[in-house]
1. Please build a GNM for chain B, connecting alpha carbons under 10 Å apart, and tell me which residue among B:Leu226, B:Leu89, B:Leu38 fluctuates the most.
2. With every protein chain left in place and a probe of 1.4 Å, what is the accessible surface of B:Thr303, to the nearest 10 Å²?
3. Hey, what angle do you get for helix B:2-12 against the long axis of chain B, alpha-carbon based, 0 to 90 degrees rounded to 10?
4. Using a 1.4 Å probe on the protein chains only, how many percent of the accessible area of the protein assembly as shown belongs to carbon and sulfur?
5. Which pairs, out of A:Lys104/A:Lys166; A:Lys71/A:Lys104; A:Lys222/B:Lys113; A:Lys166/B:Lys113; A:Lys71/A:Lys224, put more than 32 Å between their alpha-carbon atoms?
6. Considering the Cα trace of segment B:193-299, what is its radius of gyration and what is Dmax, both in angstroms?
7. If we restrict to alpha carbons, what Rg and Dmax does segment A:164-284 come to, in Å?
8. For labels at A:Ser177 and B:Val114 in the simple 7 Å Cα→Cβ model, what's the distance in nm?
Amino acid sequence: MLMFSSPNPLPSKPLNPTKTAQNKEEQPPIPVIHVQDLSCFYGRHKAVEGVYIDIYERHVTAIIGPSGCGKSTFLKTLNRIGEMESNLRIQGRVELLGKNIYAKDTNLNQLRRQVGMIFQQPNPFAMSIYDNVAYGIRTVSRPSRSVLDDAVESALRSAALWDEVKDNLNQSGLALSGGQQQRLCIARALAVNPKVLLMDEPCSALDPIATLKIEALIHELKEKLTIVIVTHNMQQASRISGYTAFFSTDEHRIGQLVEFGTTSQIFLEAEQPSTRDYVAGRFG
Amino acid sequence: MTEALEPTQSNLSPVPTESWISQFGDSGFRGISFLAALLTASIPFWMCVLIFKDARPAIAKFGLAFLWTQEWNIDQNLFGALPYIYGTLVSSAIALLLALPIGVAVAIITSEKVLPEGLQTPIAFLVELIAAIPSVIVGLWGRFILIPALEPFQQFLYSHFKWLPIFNTQPFGPSMLMAGVVLAIMIVPTIAAISREVFMAISQDLRNGAFALGATQWESIVFITLPAAISGIFGAASLALGRALGETMAVTMVIGNVNEISTSLLNPGNSIPALLANQFGEASDPLHVGALMYLALLLFLVTLAVNAIAAVLVRTLTRNA
């Protein structure tokens, strides 16, 4: 049996936001990101095909699926970071607050400040805790020391790290434990006030206690911002997300969005047999 | 039970597990490997001892004063090493100063996503190919092509900057500066190749971390990648310095081989390897040979020290990073 500790989607939320989200009910959640017929290519190889999905504001959307189904590739299209590391090519539209981020005039640096990202391996920079958090702020402006101090403190508090590091802000970020490093990275991302936070298996390198802390943090953060999280851990997806997207590969090894819905829908009454099989642990 | 096992046992028994090969193979291989390792590891000590032995007449006669004496008179058996030590250090320093920014720039261009991949690999390959050019060819090219080509540049330095002590003599071709330039060309591939590997070893996640905060590629390279790579770049620089200090042929051909100390880089000079290459053939007097061996010992110790210091620094830097 699957258990849901939190957060059960509220009954007022539509129970069936299908791929095209046609049948919305009276009080539809607001989509922050609207993805329309998105396909990704590595060179000639098509990695992800025809994704339609809405990411709803102030909700956690979990992306689950077997390895190689393109869930990470998809996540990295949402802030256009995938194209920085490989020859990734995109077709289709990704709208952030109604604006196509693949339009020619998109300012990538602005986009990435709006859509922050947390990575699989905690990746603090080789500088002090303070400088890590201040880094994003300093790329846009040179605020006074006291303003910066406040921003750093508030970001560290939001990431539930302040109490642990407030006396050692000048210590190297790399001296922290793995879980603390990951929360430092979250603080660093929060410091630039993103609207959306992308998380690419943020707990896969962490121990269970550190994982719980991150999950609790995600639970708090969704009050303020929208989170999209890729996870291999289905219990985690069920614990933290309001919506779940199940990706899988077809017979040509091309990743596809198989099913999208509220998390309880996906885990308890999925329409697609492959979704049911995956969440029941029968493959993947 | 035993009967059930019997077929397996009878299958195993014909295998000659105690053959002399398998018996001797393990210990024999270990012994041979150990001997090879020991032999290789002892070569530097052995060399050091032999060089020291041959250098003893000069060490006994001149002592440490050898290091700061300028005279080098074969007829009167007076030998002092300062011009060669000076020339070696200065030409290598010029080379490192010129090659480090260029080498690191090449490493960045060929490892970060700033150029299309179709351009990066050929550039990296061509730069690394420079290292494959025999140094005598580099020296010949330096002597007959580079020096005439850079003649106007040397003249320009002299005519416009002669108020600087380092450019205050009339250039006439071979010079300390030219030796530095030729050495720089020779060590750029070392710096570029090692730094490139360091850059490529840096996790893409680290760059992505900067990009995800809205950093530009420039900001990501300067403030994130470069600091993370600094210990590796230091290692590359020290290896390059080691090569520059010991480089013989090319330097001999462009440095001018004049046993003088001059602040001006436009003046010719000499270096330890260049002097050794020029004089080992004609040295017959034990004291002359001893003086050359003394110089060899110095170079040996300096390069050893450079590499050792670099290794220690790299280790502490990586630990702190």
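1. Between B:Leu226, B:Leu89, B:Leu38, it is B:Leu38 that shows the largest mean-square fluctuation.
2. Around 30 Å² of this residue is reachable by solvent.
3. Between the helix axis and the principal axis of chain B, the angle is about 40 degrees.
4. On the way: 18300 of 29690 Å².
Carbon plus sulfur share of accessible area: 62 percent.
5. A:Lys104/A:Lys166; A:Lys222/B:Lys113; A:Lys166/B:Lys113
6. 22.1, 70
7. In order Rg, Dmax, the Cα atoms of segment A:164-284 give 16.7, 55 Å.
8. A separation of 4.1 nm, rounded to one decimal place.
The values are calculated or read from the model by the stated rules, or taken from the named source; none is laboratory data. Quick caveat: nothing in here was measured; it's all calculated off a predicted structure. Please note: Cβ atoms are built from the backbone with ideal geometry, for glycine as well, and neighbour counts cover all protein chains shown. Side chains are part of the model used for accessible areas, which takes the heavy atoms of the whole protein and leaves out ligands, DNA and RNA. Shrake-Rupley method; radii C 1.70, N 1.55, O 1.52, S 1.80 Å.
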